[in-house]
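Working notes, structure below.
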Amino acid sequence: MNVLIVHCHPEPHSLNGALTAITADTLTPQGHRVVISDLYAEGFDAIEHPRHYRNRQDSQVFSALTEQRHAFEGGQLPEDVAREIQRLEQAELVIFQFPLWWHGPPAMLKGWFDRVMVYGGMYSGSRRYDHGRLKGKRAICAVTTGSPAEAFEPAGRAGDIVRLMYPFHCSLYYLGLEVLPPQLAFGIQGGGLAYQEETAFRRHLESTKTDWRARLKGLEGESTIPFSGWDDWDEQGRLGLRHPLRWR
Ligand SMILES: Cc1cc2nc3c(=O)[nH]c(=O)nc-3n(C[C@H](O)[C@H](O)[C@H](O)COP(=O)(O)O)c2cc1C
């Protein structure tokens, strides 16, 4: 299997750095081919901006959607975006490794979506969700958090983790990817915020790594998160009245 890790963390010696190393060290000996997009190390420019488009369709008013489609169709995508798309196209499994920052992914990873998932190329009105261009590929988020697990329960102070992950998961599904339940490493304290005493925390870090190593070995056999699709929606994108997932 071809695996792409999209790694978003500024420090290689962090837990996120260790988890990405574990992923590569676990999957490679199993015969999988692992490629890492290390966004910070590669200096990925996460800001969608007119400067990326030399031959604009509209030189007066900048519309990201218009210029993305124009660049894609003209084979003039920015080099870094074209490289990321090529990596995605070759991947069968995409692993997003990142810490939770302000209740979501770090800005650099959000910007990776803004720039790499080009309109007219990676998606269009007719190529979305279960008709998406990346259909057949799988994705999983491996996320670390500062707050402990209990705080992410529904109505917990850190926010319900299912709701916090929804925008990211929905974006992946929008592109056609099938999404595995996330790997969540809660309570990774640092910078003076301590929820556990030092020895217990060290043990927690080790079990976090052991859990991920063990899960990686069986990832291929896991089921993905169910989403509704085009057959379930009406013209306006509402769930059909009789659909079992409809709640109001
Ligand atoms: C800018 C920033 C924002 C953060 N926001 C959150 C947050 O919203 N929720 C949370 O639980 N932890 C938050 N944290 C803590 C990080 O998630 C935690 O330090 C990280 O997951 C630990 O993994 P690492 O050692 O690999 O960095 C934040 C940390 C930073 C630097």
task: Kindly express, to the nearest 10 degrees and within the range 0 to 90, the angle between helix 161-174's C-alpha long axis and the longest C-alpha principal axis of the chain.
output: 30 degrees
query: Name the trypsin sites (Lys or Arg not before Pro) in region 30-62 that are in a loop by DSSP and that have at most 10 other C-beta atoms within 10 Å, would you?
result: R54
message: I want the antiparallel fraction of DSSP beta bridges within region 2-232, as a percent rounded to 5.
response: 10 percent
- line: Under the 7 Å Cα-to-Cβ spin-label approximation, R163 and K135 lie apart by a distance in nanometres of 3.2 nm
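Using Cα-Cα distances under 8 Å and only pairs 6 or more residues apart, what relative contact order does region 2-232 have, in percent?
Details: 342 pairs, mean separation 49.6, N = 231.
Relative CO of region 2-232 lands at 21 percent.
For region 69-129, which GluC sites (Glu not before Pro) pass both filters: DSSP loop (anything but H, G, I, E, B) and at most 14 other C-beta atoms within 10 Å? Write down the numbers at each step before the final one.
Numbers: sites: E73, E79, E84, E89, E92; in loops: E92.
Within region 69-129, the qualifying GluC sites (Glu not before Pro) (loop, at most 14 other Cβ atoms within 10 Å) are E92.
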- prompt: Taking Cα atoms, how many degrees apart are the long axis of helix 15-27 and the longest axis of the chain, rounded to 10 and kept between 0 and 90?
  reply: 80 degrees
- prompt: Which of the lysines could a cross-linker span from K137 if the Cα-Cα distance has to be under 19 Å and same-chain partners fewer than 8 positions apart are dropped?
  reply: K217
message: Probe radius 1.4 Å, ligands and nucleic acids ignored: give me the carbon and sulfur share of the accessible area of region 2-232 as a rounded percent.
response: 52 percent
query: Which of the GluC sites (Glu not before Pro) found in region 142-242 are loop residues per DSSP with 15 or fewer other Cβ atoms within 10 Å of their Cβ?
result: E197, E222, E235
query: Once both axes come from the Cα atoms, what is the angle between helix 79-90 and the longest principal axis of the chain, in degrees from 0 to 90, rounded to 10?
result: 70 degrees
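Any idea of the accessible area per residue across region 12-151, 1.4 Å probe, to the nearest Å²? Working shown, then result.
On the way: 6740 Å² over 140 residues.
Dividing the accessible area of region 12-151 by its residue count gives 48 Å².
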message: Largest first and in whole Å, what are the equivalent-ellipsoid semi-axes of region 2-232 based on the Cα gyration tensor, each being the root of 5 times an eigenvalue?
response: 32, 19, 18
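The values are calculated or read from the model by the stated rules, or taken from the named source; none is laboratory data. Keep in mind that this is a model prediction, so the values were computed, not measured. In this analysis, Cβ positions are derived from the backbone assuming ideal geometry, glycine residues included, and neighbour counts consider all displayed protein chains. Only protein heavy atoms, including side chains, enter the accessible area calculation; ligands, DNA and RNA are left aside. Shrake-Rupley method; radii C 1.70, N 1.55, O 1.52, S 1.80 Å.
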